[in-house]
1. Please give the peptides 60-68, 134-142, 287-295 ranked by average Cβ packing (other Cβ atoms within 10 Å per residue), highest first, as a rough proxy for protection.
2. Put +1 on the Cβ of every Lys and Arg and -1 on every Asp and Glu Cβ in the range 178-226; which of G221, A182, A205 then has its Cα farthest towards the positive end of the dipole?
3. Around R206, with a cut-off of 9 angstrom between Cβ atoms, what is the net charge of the other residues, counting Lys and Arg +1 and Asp and Glu -1?
4. For the range 119-251, what D do you get in µm² per second when you plug the Kirkwood radius from alpha-carbon pairs into Stokes-Einstein at 25 °C and 0.890 mPa s?
5. For K245 and R102, FRET efficiency with R0 = 22 Å and r from the beta-carbon atoms, rounded to 0.05?
6. Can you compute the charge dipole magnitude of the chain about its Cα centre, using +1 on each Lys and Arg Cβ and -1 on each Asp and Glu Cβ, nothing else charged? Give it in debye, rounded to the nearest 20.
7. Using alpha carbon centroids, what distance separates the range 79-132 and the range 344-376, in Å?
8. Which whole-percent values make up P(r) of the range 257-376 when all C-alpha to C-alpha distances are grouped in 10 Å steps starting at zero?
Amino acid sequence: MTATTTAPVQTTAPSAGTSSASPASPIGPDTQPGKAAKAGKADPGTPVAHRVLTGDRPTGPLHIGHYFGTLQNRVRLQAQGIEMFIVVGDYQVITDRDIADRLAEHTENLVLDNLAAGLDPDRATIFAHSRVPALNQLLLPFLSLVSVAELGRNPTVKDEIAHSSQAAVSGLMFTYPVHQAADILFCKADLVPVGQDQLPHLEVARTIARRFHERYPHADGTAVFPRPEAVLSEAPLLLGTDGGKMSKSRGNAVYLGASEDETARLIRGAKTDTDRHIAYDPANRPEVANLVLLAALCQGRSPEDVAAELGDGGAAALKRTVTESVNEFLRPVRARRTALAADRGYLRQVLRDGAERANAIADATLAEVREVMGSV
Ligand code: TRP
């Protein structure tokens, strides 16, 4: 495994097989789930290449887990010439909390982290979904296509409700996967790079696309929306420096925006064990294995190689290697981030330009939806 492996496209319906993410293969608006995109001439006006949409909630800065889990994938897809949409899910912030804290700052910083990682605002459309009214209006017909019982069965939502600090479950928390379907379908995205926890939401989007077609086909029988597929990253999950889930609230995350000293300090305090022999053994020595993996991802080598090289060097040598690898790997990302961070006006301009492009597409999609629904 290397840091630059190609991610497979895994369908959300595993039994139906997989399809290729080749940018050149045209994909019709009514592709069957799991069927490989067919080559050939598409009808005028239908999408002829893949369109990718993915995004994040603006709740805090992105860390190296996000980098290997999703940002690297985004940049790779962009390099293949695939059209990219990155949504900043600002309305999604208030699903599990009452107030979106420092929303403008977090929104701009998400743009910053994406640009620092290598997303190009001239090629990728980066926008906040609250700035795209027609996207949000899709929520109404979409809500009519799912039952309350189905919404209640979504395992990711159930988990979030269980861990929420809110006293009551809001209607938005309960229905946000339907809103997320609008994020994906407004631009007719057919590929959605996400983590494992998002697969239930992808299934909601696919169900909505299918049911919308059953209820409201175009006069010529074609579908308004494609059935989007998840793209899962191949990089294994990185844990935090304490061996738990890497997260802001635990203080165990290496941020893209952290300084080299902060990174060194965090890794110096990482949990290890007393065995001087360094091995890659995720099952029995998860903390050491995680540090080895972090160095390996940064060096573009296998964790077994990195562990073998360290041999009997002990935790101190391991931490030195990890610190150097991470800081070296992130140096160009951080340099770009620092250069861009000074100009908040530029970050807001990227969001405005993105919203303008997203609005043009959302307006066209909503017009199509009104037409097939018979609105006058
Ligand atoms: N729910 C996603 C997350 O927490 C963020 C998100 C919002 C998203 N809208 C999306 C991801 C649309 C993919 C597609 O990570």
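Just so it is clear, none of the values below were taken in a lab; they were calculated from the coordinates. Bear in mind the structure is a predicted one, so any value in this text is a computation, not a measurement. Using ideal geometry, Cβ is built from the backbone for each residue, glycine included, and neighbour counts are taken over all protein chains shown.
1. 287-295, 60-68, 134-142
2. The residue sitting most towards the positive pole is G221.
3. 0
4. For these conditions, the coefficient is 146 µm²/s.
5. Plugging the Cβ-Cβ distance into 1/(1 + (r/R0)^6) gives 0.45.
6. That gives a dipole near 200 debye.
7. 15 Å
8. 12, 28, 17, 13, 15, 10, 3, 0
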